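The values are calculated or read from the model by the stated rules, or taken from the named source; none is laboratory data. Predicted model, so just to flag it, every value in this text is computed and none were measured. Backbone-built Cβ (ideal geometry, glycine too); neighbour counts: all protein chains shown.
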Amino acid sequence: MNQTAVPAIGSLRDTESIERIPLQDRDMPSSTYELLRRSAERHADATALTFLLQGTAEETPYRLSYAELFAKVTQAANAFHRLGVRPDNAVSFLLPNLPHTHFTLWGGEAAGIVNAINPLLDAEHIAELVHASNSKVLVTLAPFPGTDLWDKVESLRGQLPELNAVVVVDMANYLPEPQRSALKAQRGALPAGVLDFDELIAACPADHLESGRVIQADDLASYFHTGGTTGTPKLAPHTHRNEVAMAMILAYAINFSEHDITLCGLPLFHVNGVMVTGLAPFFVGAEVLLATPQGYRNSNLIHNFWTLIERYRVTFFSGVPTIYAGLLQVPSDGHDLSSLRYALCGAAPMPVELIRQFEAKTGVKIIEGYGLTEGTCGSCGNPPAGERRPGSIGIRMPYCEVKIAVLDDAGRYLRDAARNEIGNVVLRGITVFNGYLPASKNAGIFVDGDWFNTGDLGRMDANGYIWLTGRSKDLIIRGGHNIDPQMIEEALHKHPAVAMAAAVGKPDEKAGELPVVYVQLKPGVAVSEAELIAHAAAHVSEPPAVPKEVWIIDAIPLTAVGKTFKPALRHDAIRRTFEAHLAGIDPAIRVEVGADDRYGQLARILVTGLSAERRAQIERKLAGFAVRSEVVALD
């Protein structure tokens, strides 16, 4: 069934109407390779990928039609097969956002399993992920100015005896002449034993899979790393059925068509970039504008953003709150943004005031969504054709089951929550994975049978809109980047003066949260907070996880059974942040933060001598935070 047969979603009733036809009866492809084959057949000459190397309006883009994209994917699959990749082996990749990344993603899934690795990780953790995934091939960048990926790979090549090959993508091939030849001459030959991606696939057929493989829907397609970087790696495996279903569901939920042009600025090692601005548009035959290797990390792209939207007639893009906060600082006046239908925000809560300001300035509708790697990507979203309730994550997407469950203190299912009662957000359905790799990570992750416990707390209103109220997991979410607090705590525990350390997120207007750590010192020792921050910076392997502040306190709060009581620390971090933020208005302002039945947590701003003007001033000052607050007069 063609995407145009599915109407835009305006309410939960529309979602239920779509579900009357099972997803499998909607001409569902059996694999991601079959999905791309069908799109190449139906939209052979249409543009599939437009790539910008620099992010400027003047540059000549690199374009691929659907027929050309599918040919490259087929060649990549055949190259990986020739290098020994079989259906139970993985192709790991360490790449920025390039057309070659898509060749590797979908070619890797056609040959075996693709393993996406965050290039920001250090070499040690990269090696662990390659080991854990049973990889036979690693694809990365050839040496290129301004990149360090080859240096990381070179440092660990001796630790990866299981690899049959290291294949490199030469970004010099994207440069025009004479720069291309000059750079290659300056760099010299590739290191011994390393294979050039373009030369490798050029020798492979583009019209069939040499393996003869018939990919089944339940075959594993990919591994995505999740849940921090300490200890044994935790991988979320996705089947072909998971990914194809997710692409179809996202296309229905966002109302994509072949006329859309979607800008991809989020990384292709993350499910949002891969699915929302990758496989979902490919499913309907839309065009993907791959906006620079660094995506949103490229200052050129942000500076030229509205110019590029106008030039390429972009209809949709996806981002996280930090991106929207940054784009607010880029003038959009004088640009024709009429092509833009929606922008999606996920991965972290977006302050209601930020939504209001962005929509008022640009006229672009923001759809807040929600999802996670374990659900392949998205599970909920505000309906594009219906009421968008700022601050909520919207209604469940078609074919995605979402409910609120009340659990006991041990995480066991008690009952379904009542309307507007806070409980755990749990998921079930065709996009939900079957459990982590290794299986030892799966204890207690499913409740009430096969419902996956997200670790997020929320409530559902009478119209099916879901409101997140907190997290039962301890993850810190910095600009959509998940940070495992254990990584920070273990680094601090290496310091001889530290008795206990507990890391939480403090609210931040741009990033949503920033990592901070509370420290209880050993008796009789002294150390400065500055020294502990320096120690953390030297021992935390992931730069975004380095704590912004260390707060030394007398005692870490504990539960009755002796576990660290993180809610008390999160509330204290909000208090400290808000009091510091409001000190310029009145240093006597005090903040109390506590649990709240409706919002999960609420900051009460206590003010003596409160005037209407002062109240408005305080509310403006706090509008950029995702934490709910209320101003209270003390007299």
Q.
Within segment 176-183, does at least one residue satisfy the condition of being modelled with pLDDT of 95 or more and in a helix (DSSP H, G or I)?
A. no
Q: Kindly list the number of the only condition in (1) under 27 Å from the mean Cα position of the chain (by Cα); (2) aliphatic (A, V, I, L, M); (3) closer than 28 Å to residue 394 by Cβ that fails for residue 462.
A: (1)
**Q.** helices (runs of 4 or more DSSP H) enclosed by segment 1-109 - at least 2 residues per element that are touching a residue at least 40 places away in the same chain (Cβ under 8 Å), assigned by TED's automatic domain parsing to the domain that holds residue 122 and under 30 Å from residue 383 (Cβ atoms)
**A.** 12-18, 32-42
Q) Taking residue 114 and the conditions (1) assigned to a helix (DSSP H, G or I); (2) hydrophobic (A, V, I, L, M, F, W, C); (3) touching a helix residue (DSSP H, G or I) at 6+ places or on another chain (Cβ under 8 Å); (4) crowded, with 21+ Cβ neighbours inside 10 Å, which numbered condition does it fall short on, given that it satisfies the others? A) (1)
Q | Pick from segment 20-29, criterion of a type outside the set (S, T, N, Q) and surrounded by fewer than 14 Cβ atoms within 10 Å (Cβ to Cβ), ranking: farthest from residue 399 (Cα to Cα) | A | 27
Q: Determine if segment 258-274 includes at least one residue that is among the charged types (D, E, K, R), farther than 20 Å from residue 42 by Cα and in the same structural domain as residue 378 (by TED's automatic domain parsing).
A: no
Q | Checklist (1) in contact with a helix residue (DSSP H, G or I) (Cβ under 8 Å, 6 or more places away or on another chain); (2) touching a residue at least 40 places away in the same chain (Cβ under 8 Å) applied to residue 128, failing item | A | (1)
Q | Residue satisfying condition, being more than 26 Å from the chain's Cα centre (by Cα) and either of a type outside the set (S, T, N, Q) or farther than 20 Å from residue 174 by Cα (or both), within set 116, 127, 48, 71 | A | 71
Q) Is segment 150-165 home to any residue that is charged (D, E, K, R) and either touching a residue at least 40 places away in the same chain (Cβ under 8 Å) or not assigned by TED's automatic domain parsing to the domain that holds residue 36 (or both)? A) yes
Q | Of the criteria (1) within 22 Å of residue 192 (Cβ to Cβ); (2) surrounded by fewer than 20 Cβ atoms within 10 Å (Cβ to Cβ); (3) within 19 Å of the chain's Cα centre (by Cα), which one residue 155 fails | A | (3)
Q | From the options 405, 417, 410, 439, residue that is exposed (fewer than 14 other Cβ atoms within 10 Å of the Cβ) and more than 24 Å from the chain's Cα centre (by Cα) | A | 410
Q) So which residues in segment 275-298 are among the hydroxyl-bearing types (Ser, Thr, Tyr) and part of a helix (DSSP H, G or I), if there are any at all? A) 277, 296
(Q) Of the conditions (1) of a type in the set (A, V, I, L, M); (2) under 23 Å from residue 633 (Cβ atoms); (3) touching a residue at least 40 places away in the same chain (Cβ under 8 Å); (4) part of a loop (DSSP other than H, G, I, E, B), residue 556 satisfies every one except a single condition; which number is it? (A) (2)
Q: Output the number of residues of segment 30-52 satisfying the condition of being in contact with a Ser or Thr (Cβ under 7 Å, 6 or more places away or on another chain) and either buried (at least 19 other Cβ atoms within 10 Å of the Cβ) or not hydrophobic (A, V, I, L, M, F, W, C) (or both).
A: 4
Q) Of all residues in segment 281-316 being among the aromatic types (Phe, Trp, Tyr) and closer than 23 Å to residue 45 by Cα, which is farthest from the chain's Cα centre (by Cα)? A) 312
Q. Can you tell me which of 147, 140 is modelled with pLDDT of 90 or more and of a type in the set (Ser, Thr, Tyr)?
A. 140
